[in-house]
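Reading through the structure tokens given below for one structure.
What follows draws every value from the coordinates through simple rules; no lab data is involved. Nothing here was measured: the structure is a model prediction, and the numbers come from that model. So basically every Cβ, Gly included, is an ideal-geometry build from the backbone, and we count neighbours across all protein chains shown.
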Ligand code: TNX
């Protein structure tokens, strides 16, 4: 019984009385609509109030986490709690503490205890504390009006994730999105305890990350996008700023350079990367599968070595994603040795390989991960080679799929994905032969052929994203669409307060 919601009946009775007499003071912690659903919530029937005088006490290592909480509270109400570093245990205010006692919590779990006098968030790591803070923030409004006090129902939440890898992807190659947009996307992921942002940094239509040793990649290759707009790219400094912003929110950036296909932007920037020695034209259409690196030219591998070296230097996270999908014009006898060699380059620069499921046709290096998006056979080849799997089945997780035939954005080659269809599946049982022990986690990709700005991103991502966050975090036994849709409905007002342009699915009983 992982997900047990306990509420002593005496407390429930007391509470009923209270609910009928007062309006605003929350006293039943189990009534909080948390997404993802925590492992257990125990209510104790009282409330704690965050006031101007509330101090946040932190262990030395948690200063940044404490400041994040103070800033978040400040954004909700006109209160800026002081953050005090201490090793002593306190009996008031909000304490963030590190402790190894509770081995159930693992690396990202936390215990959030709230009583009348104080709040304590306890975890093994700062990531765990950060997750506890996200739960705490969901007990509060996104924005409190001036008369509203910040009251939280008392009780204990004990919580840890089902999967270690809980991600979303943003395709910044088909359409480019600037640093501020990416930070907002990161905020969305963090609010739902997701911990990976995969950035699809290169494709036929654009190269988006500055590589100092090959400057034309961005000068020329970054100068357009789908539809012929100006495109754009991240300077290394801007990219590092994104990485740091993500890191402060427990999010690992996984950078992807897609190859040997999906490479027209590079082929247009450097003639020598083409087999015929001629640079291609820039491309701003939406076809896939027409480009390839010249796999038997040595310069190709010098180029990849430089790119991976510079990217690895910008990447504190463990992974580099090498793409590998839809290389329709690379003969298989060239594709396999190419992928083998590129993996060695990634390993040489100290990183682990992730690739789309096609890469499993090659000989995978140790610790590599295959991202299942379409082909079960490929993914099985990966599992046979001991690779872990990231579950991104297109028909369930692709954020660029339309909700239904009336959705004005998106594609539907993998089907329509209404909110219930996106939510109602279990990564460990969806595909025979792919089971829990093979799975590192899940990722929902947003491809951007049809998505051109942050409002459109929001429309495709919300309200589906919280569902993917919950699939990654909560056990399948704790999840059901009929119950989840009620919690999701409660988040509608959170989306509004965050100015998120979301799809008001008729499947969800939104509150007026
Ligand atoms: C397939 S998924 C692709 C992308 C497209 C996407 C559109 C995958 C690995 N490749 O190149 O953008 O479909 O939905």
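Placing pseudo-labels 7 Å out from each Cα toward the beta carbon at residue 91 and residue 272 gives an inter-label distance of 7.3 nm. Approximating the spin labels as points 7 Å out from Cα along Cα→Cβ, the residue 429-to-residue 53 distance works out to 5.3 nm. Scoring 253-260, 115-122, 39-46 by mean Cβ neighbours within 10 Å over their residues and listing the highest first yields 253-260, 39-46, 115-122. Taking the longest Cα principal axis of the chain as reference, the axis of helix 298-313 is set at about 20 degrees. Between residue 437 and residue 148, the FRET efficiency estimated from the beta carbon spacing at R0 = 41 angstrom works out to 0.30. Between residue 25 and residue 328, the contour length at 0.36 nm per residue exceeds the alpha carbon distance by 103.0 nm. Compared with the alpha-carbon gap, the fully stretched path from residue 506 to residue 84 is longer by 147.3 nm at 0.36 nm per residue. Of interest is the spacing of the C-alpha centroids, which for region 215-235 and region 86-112 amounts to 46 Å.
For the pair residue 117 and residue 309 in one chain, pulling the backbone fully straight at 0.36 nm per residue adds 63.9 nm over the alpha carbon distance.
Using the Kirkwood formula on the Cα atoms of region 248-365, what hydrodynamic radius do you get, in angstrom to one decimal?
14.6
When peptides 147-156, 87-96 are sorted by average Cβ neighbour count within 10 Å, with the highest value leading, the order is 147-156, 87-96. A compact globular protein would have a Cα radius of gyration near 2.2 N^0.38 Å; the ratio found for region 122-195 is 1.40.
Site pair residue 102 and residue 406 shows an inter-label distance of 4.5 nm when each label is modelled 7 Å from Cα along Cα→Cβ.
Shape analysis of the chain based on the Cα gyration tensor places the equivalent ellipsoid semi-axes at 43, 23, 22 Å, largest first.
Scaled against the 2.2 N^0.38 Å expected of a compact globular protein of N residues, the Cα radius of gyration of region 3-159 reads 1.00. The Cα trace of region 398-512 gives Rg and Dmax of 14.4, 44 Å, the first to one decimal, the second as a whole number. Summary of packing: across the peptides 291-298, 312-319, the per-residue average of other C-beta atoms within 10 Å ranks them, highest first, as 291-298, 312-319. In percent, rounded to a whole number, the relative contact order of region 327-453 is 19, using alpha-carbon pairs under 8 Å and six or more apart. Among beta bridges identified by DSSP and lying wholly in region 3-159, the antiparallel ones come to about 50 percent. Here the residues 484, 163, ranked from fewest to most Cβ neighbours within 10 Å of their Cβ, fall in the order 163, 484.
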